[in-house]
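The values are calculated or read from the model by the stated rules, or taken from the named source; none is laboratory data. Only a predicted model underlies this, so the values are computations on that prediction, with no experimental measurement involved. Neighbour counts are summed over all protein chains in view; Cβ atoms, including those assigned to glycine, are modelled from backbone coordinates with ideal geometry.
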Amino acid sequence: MPEHSDLLEIVRRPLSPDVRLEVPASRAEYERVQDILENEESRYPQLWFDGTRNIAIVVGPPSALHAAMAGALMGAIIHEVKVNLGLSSEISRGFTLSTETGNSRGLTVRGWDGALVFADGNRETLMIAVEVGVSQAYESLRAAISWSVCALRCRLGIAMCIRERSRRLTPVPDYSSIQEENAAVAVAEEDFRRQLIERPYGPLVRDGITWFGRINQVIIETYRVPDEDYPPETILSPSRSFTIVDDGNFVGGDVPPDLQEVMLGDCIPDYVLSGEAMVATPVNFFRRDWFDSRFQSGMVKTAVNRMRSRRK
């Protein structure tokens, strides 16, 4: 390594959950720092590279809310396909998840929150990519899901954009022991769950401190290429966009459960299915019950994680 590397210095800093930092870097510098991270066998931070802009992307760990909603989206689609659409067991076995952290096309390396993959023998086909952004710049979220669709050729991209209202940053309480911390966090967790009865999308407040801000907005969008000639670096516009939560209130009652376009043919390759009618079968995966339960659980876990000390 050179005597001074901005990129190495940044990956050595403590990173808050859901943080993404863009650092100008050459491909060679990215590879050197990536080798260091791999040798240390540390899962986070992750390091990606945008070869079209010569930018390294430093990615912090996902918050509990981020992880919960990425898993919930993929789980809901798989459940609908495997349980409610009457597929044979042979076809159902081919439907799997991928959580690879680094995917390459040309000079660009990116991760994703998850993808649905269909495996047929030794042939794997990327079908649906999922991205969740928690207070992430919208342009960054669009770039991430567009790359999966345009560069990796996923048939469909689904992105969820979550906006938490800004809150004052406060120091973590100074606990005298891990036992005191665990006891305080357990009491706070029950308190936060009670607060959700009146304020299902926050804020979560304890002793005058806001540990999770009110949810300003949750939007779910779908992305797909209109034709096969799109270059890998294209930034797509959403084909469908639905607001689920607005200013702390659920407003997604009229959102169609298939988001007006998610079909069985987006989950399983056409050649496996039995005709156009089967390919066009709606996948009615979006429902308020799982959305609320997973979202609120993620809010509470994120809030209590913010209360914990930052022990190494």
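Numbers at a glance
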item: Criterion: within 20 Å of the chain's Cα centre (by Cα), small (Gly, Ala, Ser) and assigned by TED's automatic domain parsing to the domain that holds THR96 - qualifying residue of GLY252, GLY298, GLY265; result: GLY252
item: Given (1) of a type in the set (A, V, I, L, M); (2) surrounded by fewer than 16 Cβ atoms within 10 Å (Cβ to Cβ); (3) in contact with a strand residue (DSSP E or B) (Cβ under 7 Å, 6 or more places away or on another chain), number of the condition ALA183 does not satisfy; result: (3)
item: Qualifying residue in the range 207-230 (condition: in a loop (DSSP other than H, G, I, E, B), of a type in the set (Lys, Arg) and free of Cβ contacts under 8 Å to residues at least 60 places away in the same chain); result: yes
item: Long-range neighbours under 7 Å by Cβ, at least six apart or interchain, first residue over 18 Å from PHE286 (Cβ atoms) within the range 62-79, second of a type in the set (Lys, Arg); result: ALA64/LYS301
item: Subset of the range 154-169 that is of a type outside the set (S, T, N, Q) and loosely packed, with under 15 Cβ neighbours inside 10 Å - its residue that is modelled with the highest pLDDT; result: ARG168
item: Strands (runs of 3 or more DSSP E) (entirely within the range 10-114) containing at least 2 residues that are β-branched (Val, Ile, Thr) and buried (at least 16 other Cβ atoms within 10 Å of the Cβ); result: 55-59, 108-110
item: Criterion (in contact with a Cys (Cβ under 8 Å, 6 or more places away or on another chain) and either of a type in the set (A, V, I, L, M) or not assigned by TED's automatic domain parsing to the domain that holds SER16 (or both)) met by exactly one of PRO232, PRO226, PRO238; result: PRO232
item: Residue satisfying condition, being of a type outside the set (Asp, Glu), assigned by TED's automatic domain parsing to the domain that holds MET278 and at positive phi, within set GLY75, GLY106, GLY111; result: GLY106
item: Some residue of the range 293-302 being without any contact (Cβ under 8 Å) to a residue 60 or more places away in the chain and under 17 Å from LEU85 (Cβ atoms); result: no
item: Test: residue in the range 143-151 that is free of Cβ contacts under 8 Å to residues at least 60 places away in the same chain, in contact with a Phe, Trp or Tyr (Cβ under 9 Å, 6 or more places away or on another chain) and either part of a helix (DSSP H, G or I) or surrounded by fewer than 17 Cβ atoms within 10 Å (Cβ to Cβ) (or both); result: yes
item: ALA159, sole failed condition from (1) more than 22 Å from the chain's Cα centre (by Cα); (2) in the same structural domain as ASP266 (by TED's automatic domain parsing); result: (1)
item: Tally of residues being touching an Asp or Glu at 6+ places or on another chain (Cβ under 6 Å) and of a type in the set (Gly, Ala, Ser) across the range 50-74; result: 2
item: Among the candidates VAL283, VAL225, residue that is crowded, with 17+ Cβ neighbours inside 10 Å and in contact with an Asp or Glu (Cβ under 6 Å, 6 or more places away or on another chain); result: VAL283
item: Candidates VAL205, VAL172 - the one that is of a type in the set (A, V, I, L, M), surrounded by 13 or more Cβ atoms within 10 Å (Cβ to Cβ) and either in contact with a Ser or Thr (Cβ under 9 Å, 6 or more places away or on another chain) or not assigned by TED's automatic domain parsing to the domain that holds ILE235 (or both); result: VAL205
